[in-house]
1. Note down the magnitude of the dipole of region 1-150 about its Cα centre, charges +1 on Lys and Arg C-beta and -1 on Asp and Glu C-beta and zero elsewhere, to the nearest 20 debye.
2. In region 112-220, carbon and sulfur make up what percent of the accessible area (probe 1.4 Å)?
3. Under a 10 Å cutoff between Cα atoms, tell me which one of Asp123, Asp193, Asp174 has the largest fluctuation in the Gaussian network model of the chain.
4. Once you sort the root eigenvalues of the Cα gyration tensor of region 1-74 as a ≥ b ≥ c, which label holds: rounded (a/c under 1.5), prolate (a/b larger than b/c) or oblate (the other case)?
5. When only alpha-carbon atoms count, how far does region 42-190 stretch along each of its three principal axes, as whole angstroms with the largest first?
6. Select from Gly154, Gly12, Gly134 the residue whose mean-square fluctuation is largest in a Gaussian network model of the chain (Cα-Cα springs shorter than 10 Å).
7. So between Phe222 and Ala30, what do we pick up on full extension, going 0.36 nm a residue minus the alpha carbon distance?
8. Can you classify region 200-248 as rounded, prolate or oblate using the Cα gyration tensor, where a ≥ b ≥ c are the square roots of its eigenvalues, rounded means a/c under 1.5, and otherwise it's prolate if a/b beats b/c and oblate if not?
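The values are calculated or read from the model by the stated rules, or taken from the named source; none is laboratory data. Please read these numbers as outputs of a predicted model, since none were measured by experiment. FYI the Cβ positions are ideal-geometry reconstructions off the backbone, even for glycines, and counts take in every protein chain you see. Side chains are part of the model used for accessible areas, which takes the heavy atoms of the whole protein and leaves out ligands, DNA and RNA. Shrake-Rupley method; radii C 1.70, N 1.55, O 1.52, S 1.80 Å.
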Amino acid sequence: MGTASVGCPKCGARVEFDAGSKFVRCSYCASQIYIDRSGAGFYYILPFLVREDNAVGIFKRWAAGPTKAKYLDQRAQLAGSKRQYFPVYMFKRLVDGKELIRVEPAGSTTLPGLHELKVPAGDLKVFDSKYDVGGVPLIQPDIEMGAYLEKLPGAGKEQALVFFPIWTLDYVHDGKRYQVVIDGSSGEVFAADFPKRGSGPYLAVAGVGYFAFLAEALLSYFSPWLAAMLIAVTVVCVFAASLFVAWRM
Ligand SMILES: [Zn+2]
């Protein structure tokens with residue numbers, strides 16, 4: 001294979017590389033460079049801050065949230081967990097004089113949340129052969145930078161390939177398998193689908209309450225005092241029934 005050259009994104013020096021290789025080190029400023037058909041960028045990795053026991057704890061807190069099925073945190077059975085580095089592109093753009101950062105997946109995936117990742121700039125480490133990934137598999141990029149470059153707003157300032165740490169946890173609830181992705185840097189949880197808390201019991205309380213009030217409104221034509229008393233009783237009953245649903249169902 002022949003050689004090609006690219007301008008270093010940091011110091012601007014011409015850097016020669018073998019055509020076909022994706023990574024090169026600038027011989028002037030020692031920056032690690034990622035090469036794509038559409039240009040050169042920096043090459044970073046974001047370390048794992050979330051350990052396995054932390055990941056399980058984060059999952060349990062998430063599963064105890066108000067939109068999740070009741071007792072999901074106790075009833076969900078963990079069926080596997082794995083950590084990986086997922087490749088994303090980080091684009092710095094200048095839009096109307098302001099810097100805008102966009103993060104987009106560099107690997108094709110069906111996992112949830114990977115379009116919404118936030119890269120904390122201060123935690124980025126230069127990724128070169130000396131960086132120890134500790135045996136964590138790296139998912140290789142299979143989407144070209146150019147696929148995004150033409151759709152981004154403003155002018156390009158800098159681009160980088162970042163290996164982003166993610167946990168994937170599988171769990172089973174009522175015989176069905178689900179998956180969550182946990183951002184291994186911030187601990188944010190992403191899920192496309194999860195067992196949801198039913199709204200049926202709340203709707204039933206609301207429906208019964210509606211018809212009781214309707215009947216009492218009609219009654220108030222004939223016997224206002226009796227109707228007023230029954231309305232007060234209904235209010236207490238609807239309130240108590242809502243509390244019961246929130247607590248037990
Ligand atoms: Zn350089």
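1. Values: 20 positive and 16 negative charges, 110 e Å.
Charge dipole, region 1-150, about its Cα centre: 540 debye, nearest 20.
2. Numbers: 3420 of 5770 Å².
Answer for region 112-220: carbon and sulfur cover 59 percent of the accessible area.
3. The residue that fluctuates most here is Asp174.
4. On the way: a/c = 4.45, a/b = 3.58, b/c = 1.24.
In terms of gyration-tensor shape, prolate.
5. Principal extents (Cα only, largest first): 50, 36, 26 Å.
6. Most flexible of the set in this elastic network: Gly134.
7. Roughly 60.1 nm would be gained on extension.
8. Numbers: a/c = 6.48, a/b = 2.18, b/c = 2.98.
It comes out oblate by the Cα gyration axes.
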